[in-house]
Amino acid sequence: MQVARPEFVPDASLSREEMEALQREIADAAVFADDLPFDPDRICGDGVATDTDQTSLADVDGDITSADDPPLVAGVDQAFVDDHAVSAVVLLRGGEVVERAYAVEPAAIPYIPGLLSFREGTAILAAFDALEREPDIALVDGSGRIHFREAGIATHVGVTLDLPTVGVAKSLLCGTPRESLDRKLPAGARVAIESDADVETAEPGTHIGDAVQTRQFENSERYVNPLIVSPGHRVSADTAADVALACADGYKLPEPTRLADSYADEVKAEVREELD
DNA sequence: GCGACAG
DNA sequence: ATCTTGTCGC
């Protein structure tokens, strides 16, 4: 699929100040409310059982899109080989993989907390460009609204493509959990993350995302840390968490993300040979 | 100066 | 993210 907002394409040649200014514009253009072309309840991967779950049967026609098919959900993840970023996208419908695509681009800048999209964004957009179909929503590794300027990588990619996106991170970049996360939460649980002084663009106390427990040990002292989920673009915080749980399939990472993760590793191994 | 932060 | 052995638990 193609870029919808060329003016927001990440440019690694910008100064830090310019990058931050662009992020404020992106956050301004972002929609942190539901504006989806489908009903989230119909994602139907396997999901973590929730009291609000509905009973539904997914049709498995595979490739052909019909009006009541489950939505196309994309998972995106990156791997690195030397100074090159490998971005992999995996598309699923009703839990079945229907397409995969990837791209390799040089990582123009080093990793800088708060500016991740300027390091990995080019490769991600190239991978989406290589994708034949247009996803209904994409899960991007990293933060979305949970960001110093509410413009994490999931938001940057979502706004640039004008695609609904959800940010899925393994740790908290900023913001304050409403309750301590230092305890064992049951599978399906969620704890709201509120903006604090570190989030310069939002009023303190704004619900900017959630800690989501997609998986948990039952008969053990050990426990799994929650995933940090936040709206990227065109989804609310509640729906972002719903989507992450609906895509969960027995592992901490949602299925689209897990598959994109392993696909990126697969491509990385191949790219490793073509190096000078 | 200190703290602190996705991937 | 990446570099890696062993170890724990289902």
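The values are calculated or read from the model by the stated rules, or taken from the named source; none is laboratory data. This one's a predicted model, so the numbers in the text were calculated from it and none came from an experiment. Cβ sites come from the backbone with ideal geometry, for glycine too, and all protein chains shown count toward neighbours. Accessible surface areas use protein heavy atoms only, side chains included; no ligands, DNA or RNA. Shrake-Rupley method; radii C 1.70, N 1.55, O 1.52, S 1.80 Å.
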- Relative packing of peptides A:190-200, A:78-88, A:157-167 - highest average C-beta neighbours within 10 Å first: A:157-167, A:78-88, A:190-200
- Message: Please list the three semi-axes, largest first and in whole Å, of the ellipsoid equivalent to the stretch A:117-172, using sqrt of 5 times the eigenvalues of its alpha carbon gyration tensor.
- Response: 19, 12, 10
- Query: Could you state the principal axis extents of the C-alpha atoms in the stretch A:72-111, from the largest down, to the nearest angstrom?
  - Reply: 37, 15, 11
- How much area per residue is accessible in the stretch A:82-235 when the probe is 1.4 Å and only protein heavy atoms are counted (Å²)? 38 Å²
- Item | Segment A:F80-A:S262, length gained on full extension (0.36 nm per residue, minus Cα span) | 64.2 nm
- Please calculate the 1.4 Å probe accessible area of A:L22, with all protein chains present, and give it to the nearest 10 Å². 20 Å²
- Over the Cα atoms of the stretch A:110-259 the radius of gyration and the largest Cα-Cα distance (Dmax), both in Å, equal 15.0, 46
- Task: May I ask for the equivalent-ellipsoid semi-axes of chain A, computed as the square root of five times each C-alpha gyration tensor eigenvalue and listed largest first in whole Å?
- Result: 26, 24, 19
- Message: Please report the net charge: other residues with Cβ closer than 10 Å to the Cβ of A:V235, K and R +1, D and E -1.
- Response: -2
- Query: Summing +1 for each Lys or Arg and -1 for each Asp or Glu, what net charge is found among the other residues whose Cβ lies under 11 Å from the Cβ of A:A127?
  - Reply: -3
- Query: Over the stretch A:185-276, what per residue volume does the convex hull of the Cα atoms give, in whole Å³?
  - Reply: 175 Å³
- Item | Overall form of the stretch A:63-159 per C-alpha gyration tensor (a/c, 1.5; a/b vs b/c) | oblate
- Taking K and R as +1 and D and E as -1, what net charge do the other residues with C-beta under 9 Å from the C-beta of A:A101 add up to? -2
- Query: What nm value, rounded to one decimal, do you get for the distance between A:A21 and A:V224 when each label is placed 7 Å out toward the C-beta?
  - Reply: 4.4 nm
- Message: List the residue ranges in chain A for DSSP H helices whose C-alpha atoms run 15 angstrom or more along the long axis and whose Kyte-Doolittle average is -1.0 or above.
- Response: A:116-130, A:237-247, A:255-271
